[in-house]
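Peer 1: One structure, as structure tokens, below. Some questions next.
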Amino acid sequence: SRQIIEPFPTLYWLTSPTLRTYISRIELSKTHNVQQMERRLQSSPDHLFQMKRAHKSYGEKRWELLTPLDRENVLDRNWGGAIDATRGVAGIRESRWNCVKCLHAHAAHYLAQVAEWEMEREGGVGDQKCDREDLNLVGKWTMEAVFEAVRSGFESCG
């Protein structure tokens, strides 16, 4: 049988085994799992609008990183729907940007955004908070949940 090969839409990855483990525990928790994060996201039009911008910037960034030849190849192979700007974090389709799929992917995107924001300011951010208009809120909430769980010894995570 012939396999269908198409690109994977993930742009940012968590490389720390420790952080991946913490987020896996968060995903299994009763208080900060994917369903809870999705409810929180859907509880506010402002949250939804913010995440729409985050998904859009993710897809645009992925597309911008391709060379013109790569883009042509993607379109020639009909892979546009897999990795074009209408696919956001974790490959979520534009019509489902009100959903949460993978906290690892959201956290990786958020951490990349914060690092990029800090580099743009040449590291001199001090006590300022990252104020990007396209900040990945689900990733931010995930990292807050990780910090909270680490402070409490992961007792509240599960």
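The values are calculated or read from the model by the stated rules, or taken from the named source; none is laboratory data. Fair warning: this is a prediction, and the values are worked out from it, not measured in the lab. Virtual Cβ from ideal backbone geometry, glycine too; neighbours counted across all protein chains shown. Just so you know, the surface numbers come from the protein's heavy atoms only, side chains and all, with ligands and any DNA or RNA stripped out. Shrake-Rupley method; radii C 1.70, N 1.55, O 1.52, S 1.80 Å.
Peer 1: Quick one: with all protein chains in place, what share of the accessible area of region 26-74 is carbon or sulfur, to the nearest percent (1.4 Å probe)?
Peer 2: Working: 1620 of 3050 Å².
Reported share for carbon and sulfur atoms: 53 percent.
Peer 1: Also, quick follow-up: Roughly how many Å² of K30 are accessible to a 1.4 Å probe, to the nearest 10?
Peer 2: 150 Å²
Peer 1: Can you classify region 26-72 as rounded, prolate or oblate using the Cα gyration tensor, where a ≥ b ≥ c are the square roots of its eigenvalues, rounded means a/c under 1.5, and otherwise it's prolate if a/b beats b/c and oblate if not?
Peer 2: Values: a/c = 5.65, a/b = 2.12, b/c = 2.67.
Oblate.
Peer 1: Taking θ = phi - 60°, what integer Hz values does the Karplus form 6.51 cos²θ - 1.76 cosθ + 1.60 yield along region 45-59, in sequence order, with x for Gly and Pro?
Peer 2: x, 5, 4, 4, 5, 4, 6, 4, 5, 5, 4, 4, 5, 4, x
Peer 1: Turning to a different aspect of this structure: Can you tell me how region 1-85 classifies by the Cα gyration tensor, rounded, prolate or oblate, using a/c under 1.5 as the rounded cut?
Peer 2: Judged from the Cα gyration tensor, region 1-85 comes out prolate (a/c at least 1.5, a/b above b/c).
Peer 1: Oh, and also: Using each residue's phi in region 98-107, evaluate 6.51 cos²θ - 1.76 cosθ + 1.60 at θ = phi - 60° and report the 3J(HN,Hα) Karplus result to the nearest Hz, with x for Gly and Pro.
Peer 2: Once θ is set to phi - 60°, the couplings for region 98-107 become 8, 10, 10, 10, 9, 5, 4, 5, 5, 5 Hz.
Peer 1: For the chain, take the alpha-carbon Rg, divide it by the Kirkwood Rh, and send me Rg/Rh. Intermediate values should be presented prior to the final figure.
Peer 2: Numbers: Rg = 16.7 Å, Rh = 16.7 Å.
Using only Cα positions, Rg/Rh for the chain is 1.00.
Peer 1: So with the 1.4 Å probe, I'd like the accessible area per residue for region 17-60, rounded to whole Å². Working shown, then result.
Peer 2: Numbers: 2610 Å² over 44 residues.
With all protein chains present, region 17-60 gives 59 Å² per residue.
Peer 1: What are the ³J(HN,Hα) values, in whole Hz, obtained from phi via the Karplus relation 6.51 cos²θ - 1.76 cosθ + 1.60 with θ = phi - 60°, for each residue of region 133-146 in sequence order, with x given for Gly and Pro?
Peer 2: These are the phi-based 3J(HN,Hα) values: 5, 9, 4, 6, 5, 5, x, 4, 4, 5, 5, 4, 5, 4 Hz.
Peer 1: Hey, another quick one. Report the Cα centroid-to-centroid distance between region 137-152 and region 1-66 in angstrom, as an integer.
Peer 2: Here the two parts' Cα centres lie 15 Å apart.
Peer 1: With +1 on each Lys and Arg Cβ and -1 on each Asp and Glu Cβ, and nothing else charged, work out how big the dipole of the chain is about its Cα centre, in Debye to the nearest 20.
Peer 2: On the way: 22 positive and 22 negative charges, 130 e Å.
Using Cβ point charges on Lys, Arg, Asp and Glu, the chain gives about 620 debye.
Peer 1: Still on this structure, please answer the following. Please tell me the relative contact order of region 1-96 in percent, rounded to the nearest whole number, where contacts are Cα pairs under 8 Å and at least six residues apart.
Peer 2: 36 percent
Peer 1: So, R0 is 41 Å and r is the distance between the beta-carbons of S44 and A82; what FRET efficiency does that work out to, to 0.05? Provide the component values of the computation, followed by the final result.
Peer 2: On the way: r = 30 Å, r/R0 = 0.73.
Computed FRET efficiency for S44 and A82: 0.85.
Peer 1: So, one more: Quick one: what do you get for region 1-44 if you divide its Cα Rg by 2.2 N^0.38 Å? Let's see the in-between values first.
Peer 2: Numbers: Rg = 15.4 Å, N = 44, 2.2 N^0.38 = 9.3 Å.
That ratio works out to 1.67.
Peer 1: So how many Lys-Lys pairs in region 1-116 land under 18 Å Cα to Cα, not counting same-chain pairs under 8 apart?
Peer 2: On the way: K30/K101; K52/K61; K52/K101; K56/K101.
Lysine pairs satisfying the spacing and distance rule in region 1-116 number 4.
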